[in-house]
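This report refers to the structure that appears directly beneath it.
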Amino acid sequence: MRSFHSVLLLIISLICFSSGKSSAQKKIIILGSSTAEGQLGVSSYSNSWVGKYTAYAQSVNSLNTVINLAVSGFGTYSVVPTWYSDGYLVQPDTTKNITKALSLQPDIIIVNLPTNDATTYTTVTPTMARFRLLKRMCDSAGVKFWITTTQPRNTGRLAQDLILYTRDSIIQQFPNQYIEFFEGLGVLGFGGGSILAQFNSGDGVHLNDSGHEILFQRAKNQPILVNTILPIYNFDFKALTTNQEVQLSWRAENRGVLKCDVEKSADGFNFSQTASFHPTADGYYKAVDNAPFPGTTFYRIKVIYPSSFRFSDVISVSLLSQKENVFIFPNPIQNNKLNFQFSYPKVGRFTLTLMDVAGNEIYRDEFDYPGGSISQTFRLQPSYKKGIYLLRISNKEAFFTKLIIAE
């Protein structure tokens, strides 16, 4: 009988040990500003998204810990490594930056720096360079990296444009590591950026309890605590246009794959599912989109595993329809060269105007449109500053506008 009890206790011990291993304890560090700090806008820290996520993480495993290094007013300039310099004003806080965070040997780092770079008029280029540096440092240390998008804020037009463009850049550059903290909480699109009234704490800067509940749910729904996220092996995603349809093809090793979803978007960040495929025998997939959006359509593949999912890179296809259309390439523009593709039902003479975010005209030119789809290049003066501009193409009958970034 004693031998039986000993064996039983051994089995129970092994089961407990195995269970603990499957949900091994995690140390999570938050780098961020006032939203993550959880002292402004919310009724209490426990109602902030970090407070709620801490409780959730500990409900998954009581040994999980969340160390919050966020400080109100922080931007990327505050959390860069201690040694960092990029020609801009950076003031790393050596007690709250990435260097300090990695010294604590975390398993996961979440970065939540939603608006302060923009309100200090830091352009997208240095902001994104710093985010990429944070990820590289995490990768080198074997630490999982997650980043939230920017968030809405009631501020000046230029800062809101920077917030919107930084959000797009985060989604495009970190397709498998971003947490959506903007959509559904603020106004998207041209002229947007502000907080929806029902989520405004009252200061136009911080979200209220309801807003933080959404942030928490967005974080909770990501596989942050999953032990491993399976990669997409040998992924080769391509698009071919024929007439007015888009043919998509890709290859993914079906190691643990449940299905692949095709998602498309008109703006590069609001995606919807258009098709779904179960694993094929050879790992090759094809799909046809018979109704791409006028102008540019963005595509990505969502590969779904039993307990996680991964996104492919985003690819874009531009179809100039019979409707009028303006397509800028590349955007951000580089080397002071403005390239655009233009189509309109009628021939005629058009005026091209470039304005800054305050509405000041800084460039004007004219061109003759002979019909069909044309590509034009205008060279801007070297004295033009980096920043966000509004392009307007117009004649006596119509006008079209596009937001562009000069780098």
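Considering only strands (runs of 3 or more DSSP E) fully contained in region 368-407, which possess at least 2 residues that are exposed (fewer than 13 other Cβ atoms within 10 Å of the Cβ)? Write out each step before concluding.
Details: elements: 373-379, 387-394, 399-406.
Result: 373-379.
Can you list the helices (runs of 4 or more DSSP H) found entirely within region 43-121 that contain at least 2 residues being crowded, with 22+ Cβ neighbours inside 10 Å and aliphatic (A, V, I, L, M)?
On the way: elements: 49-60, 76-79, 98-103, 116-119.
Fully inside region 43-121 and qualifying: 49-60, 98-103.
Among the residues of region 122-151, which ones are of a type in the set (Ser, Thr, Tyr) and not in a helix (DSSP H, G or I)? Before you say what the answer is, go through the steps one by one.
As a first pass, look at region 122-151 and keep what is of a type in the set (Ser, Thr, Tyr): 122-123, 125, 127, 140, 148-150.
122, 123, 148, 149, 150, listed by residue number.
Would you confirm, using the coordinates I've provided, whether residue 277 is surrounded by 15 or more Cβ atoms within 10 Å (Cβ to Cβ), under 23 Å from the mean Cα position of the chain (by Cα) and aromatic (Phe, Trp, Tyr)? Write out each step before concluding.
On the way: surrounded by 15 or more Cβ atoms within 10 Å (Cβ to Cβ): yes; under 23 Å from the mean Cα position of the chain (by Cα): no; aromatic (Phe, Trp, Tyr): yes.
No; evaluated as a whole, the condition is false for this residue.
For region 238-250, which positions are at pLDDT below 80 and either small (Gly, Ala, Ser) or within 17 Å of residue 278 (Cα to Cα) (or both)?
Within region 238-250, just 239 meets the criteria.
Pick out the one residue from 26, 52 that is over 19 Å from residue 152 (Cα atoms), in the same structural domain as residue 149 (by TED's automatic domain parsing) and either modelled with pLDDT of 95 or more or aromatic (Phe, Trp, Tyr) (or both). Break it down stepwise before answering.
Details: 26 fails: either modelled with pLDDT of 95 or more or aromatic (Phe, Trp, Tyr) (or both).
After ruling out the rest, the residue left standing is 52.
Looking at region 24-45, which of its residues are more than 27 Å from residue 99 (Cα to Cα) and among the polar types (S, T, N, Q)? Explain how you work it out, then say what you get.
Filtering region 24-45 down to residues more than 27 Å from residue 99 (Cα to Cα) leaves 41-44.
Result: 43, 44.
It is to be established whether one or more residues within region 57-67 are modelled with pLDDT of 95 or more and either under 23 Å from residue 201 (Cα atoms) or under 22 Å from the mean Cα position of the chain (by Cα) (or both).
No, region 57-67 has no match at all.
Which condition breaks for residue 149 when tested against (1) under 21 Å from residue 309 (Cα atoms); (2) over 11 Å from the mean Cα position of the chain (by Cα); (3) among the β-branched types (Val, Ile, Thr)?
The number of the failed condition is (2).
Kindly check whether there is at least one residue in region 157-173 that is modelled with pLDDT under 95 and part of a loop (DSSP other than H, G, I, E, B).
Within region 157-173, none of the residues are modelled with pLDDT under 95 and part of a loop (DSSP other than H, G, I, E, B).
Considering every residue within region 168-190, establish whether at least one is without any contact (Cβ under 8 Å) to a residue 40 or more places away in the chain and under 17 Å from residue 79 (Cα atoms).
Scanning region 168-190 turns up no residue that is without any contact (Cβ under 8 Å) to a residue 40 or more places away in the chain and under 17 Å from residue 79 (Cα atoms).
The values are calculated or read from the model by the stated rules, or taken from the named source; none is laboratory data. Keep in mind the model is a prediction, meaning the values are calculated, not measured. Heads up, the Cβs are rebuilt from the backbone with ideal geometry, glycines too, and the neighbour counts pull from every protein chain shown.
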